[in-house]
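So the structure is just underneath, and the comments pick up after that.
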């Protein structure tokens, strides 16, 4: 089966400035490739109902637009074809000197690998789209693609590509959900509207947003352990 994955991140500045946030979050929305057209239509229908032309983003959630983002969250949870996974990284425990040759960009893509690798299943094909970034090392995405391909021998990684978020509703949905989880874990909930959306997600989950069991497939929250041990 052919899948598409749309990814974004939140709190990235904490990779180099540890006092910026306690957690960095990297998240992705998975969907069957043949669902993309319907997904785009449904998301655009929601935007049209609220007369919204611009990009959807967690940072744009406000009381004035609460109902818009409420509809987006409801759509995600009511749609079986959509799944979300987010990895949370505790910034204080990231040691770029020891493990990444002082290269925060390298550590960022290592965490992207952890997000993606564990949800790449045998005998499937994947096209993966990340929010477009200006990388110091221009080969980062190809390197990530190669690593994923080499460690998932019975699946095919067709591409790992950067896309401008304003051109991808999938990346915009990933932005909303990733930002929401990161705000919850960082206790950085800056408006009643954002608090309300977090409450809506927890209503659908039937519990507080906390790290998920490995088998959770709709809304998976993985808090990576950087301390080792067992």
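Scanning region 75-103 for residues that are over 15 Å from the mean Cα position of the chain (by Cα), part of a helix (DSSP H, G or I) and either at pLDDT 85 or above or surrounded by 16 or more Cβ atoms within 10 Å (Cβ to Cβ) (or both) yields 75, 77, 78, 91, 96. When residues in region 177-195 are screened for being surrounded by fewer than 17 Cβ atoms within 10 Å (Cβ to Cβ) and out of contact with any helix residue (DSSP H, G or I) (no Cβ under 6 Å at 6 or more places or on another chain), 6 of them pass.
In region 122-163, the residue that is modelled with the lowest pLDDT out of those that are within 17 Å of the chain's Cα centre (by Cα) and in a loop (DSSP other than H, G, I, E, B) is 133. Among the residues here, residue 113 does not qualify as under 27 Å from residue 33 (Cα atoms) and at pLDDT 95 or above.
Keeping to region 40-53, report how many residues are assigned to a loop (DSSP other than H, G, I, E, B) and modelled with pLDDT of 95 or more. Show your work before the answer.
At the first step, the residues of region 40-53 found to be assigned to a loop (DSSP other than H, G, I, E, B) are 50-53.
Restricting the remaining residues to those that are modelled with pLDDT of 95 or more gives 50-52.
Residues meeting the conditions: 3.
The number of residues in region 20-56 being surrounded by fewer than 16 Cβ atoms within 10 Å (Cβ to Cβ) and touching a residue at least 60 places away in the same chain (Cβ under 8 Å) comes to 5. Of all the residues in region 40-64, those that are over 25 Å from residue 223 (Cβ atoms) and touching a helix residue (DSSP H, G or I) at 6+ places or on another chain (Cβ under 7 Å) number 10. If you go through region 1-35 and keep only what is more than 17 Å from the chain's Cα centre (by Cα) and closer than 21 Å to residue 217 by Cα, you end up with 1, 2, 33, 34, 35.
None of 148, 205 is crowded, with 16+ Cβ neighbours inside 10 Å, over 17 Å from residue 25 (Cβ atoms) and in contact with a strand residue (DSSP E or B) (Cβ under 9 Å, 6 or more places away or on another chain) except 148.
The values are calculated or read from the model by the stated rules, or taken from the named source; none is laboratory data. Only a predicted model underlies this, so the values are computations on that prediction, with no experimental measurement involved. Counting neighbours? That spans all protein chains shown, and the Cβs are built from the backbone with ideal geometry, glycine included.
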